[in-house]
1. For labels at N98 and S114 in the simple 7 Å Cα→Cβ model, what's the distance in nm?
2. First measure r as the distance between the Cβ atoms of E88 and Q3, then evaluate 1/(1 + (r/R0)^6) with R0 = 22 Å and state the FRET efficiency to the nearest 0.05.
3. Go through 100-108, 27-35 and give me the packing order, highest mean Cβ count within 10 Å leading.
4. Give the long-range amide H neighbours of F67: residues separated by 5 or more places, or on another chain, with amide H under 5 Å away, using H modelled in the peptide plane at 1.01 Å from N.
5. Where does each of 20-26, 6-12 land if you order them by average Cβ count within 10 Å, highest first?
6. Per-residue HN-Hα couplings for the range 88-96, Karplus 6.51 cos²θ - 1.76 cosθ + 1.60 at θ = phi - 60°, whole Hz, x for Gly and Pro?
7. Quick one: length gained pulling A60 to K75 fully straight, 0.36 nm per residue minus the C-alpha distance?
8. Which cross-chain or sequence-distant (5 or more) residues have an amide H under 5 Å from the amide H of T90, H modelled 1.01 Å from N in plane?
Amino acid sequence: QVQLVESGGGLVQAGGSLRLSCATSRSIFSIDTMGWYRRSPGKQRELVATITSGGSPNYADSVKGRFTISRDGAKNTVYLQMNSLKPEDTAVYFCNANAGLRFWGQGTQVTVSS
């Protein structure tokens with residue numbers, strides 16, 4: 001079992017930045033892959049970024065060069081730094097842990113105004 005708690009969402013103007021945090025209930029190094037997904041109104045949930053237990057990141061094409069996924073092992077926390085935000089980034093962002101089974105956080109709203 002992995003419990004995930006997200007924080008850091010909010011309202012920001014286009015071009016601005018936000019940093020999301022996902023605190024886990026166990027060592028992130030024991031989890032195969034941590035990731036961020038998002039769901040926009042009327043759309044299916046989509047992958048934003050992932051990071052493996054070995055530290056390899058992966059990004060959706062739509063966020064490459066703007067978003068950065070990182071982690072802090074001492075805090076068992078994964079971050080998503082989002083820069084140059086666009087209105088189309090508006091969504092509920094979910095933290096995911098793939099540890100054999102998949103676990104999800106409750107989601108945090110990110111709203112980017114134009």
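The values are calculated or read from the model by the stated rules, or taken from the named source; none is laboratory data. All of these numbers come straight from a predicted model, not from anything done at the bench. Note: ideal-geometry Cβ built from the backbone for every residue, glycine included; neighbour counts use all protein chains shown. SASA here: full protein model, heavy atoms, side chains in, ligands and nucleic acids out. Shrake-Rupley method; radii C 1.70, N 1.55, O 1.52, S 1.80 Å.
1. Between N98 and S114, the simple spin-label model gives 3.4 nm.
2. 0.15
3. Put in order of decreasing packing, that is 27-35, 100-108.
4. N83
5. Sorting 20-26, 6-12 by mean packing, highest first, produces 20-26, 6-12.
6. Along the range 88-96, the couplings run 6, 7, 4, 4, 8, 9, 10, 8, 10 Hz.
7. Full extension of this stretch gives 2.8 nm more.
8. V112
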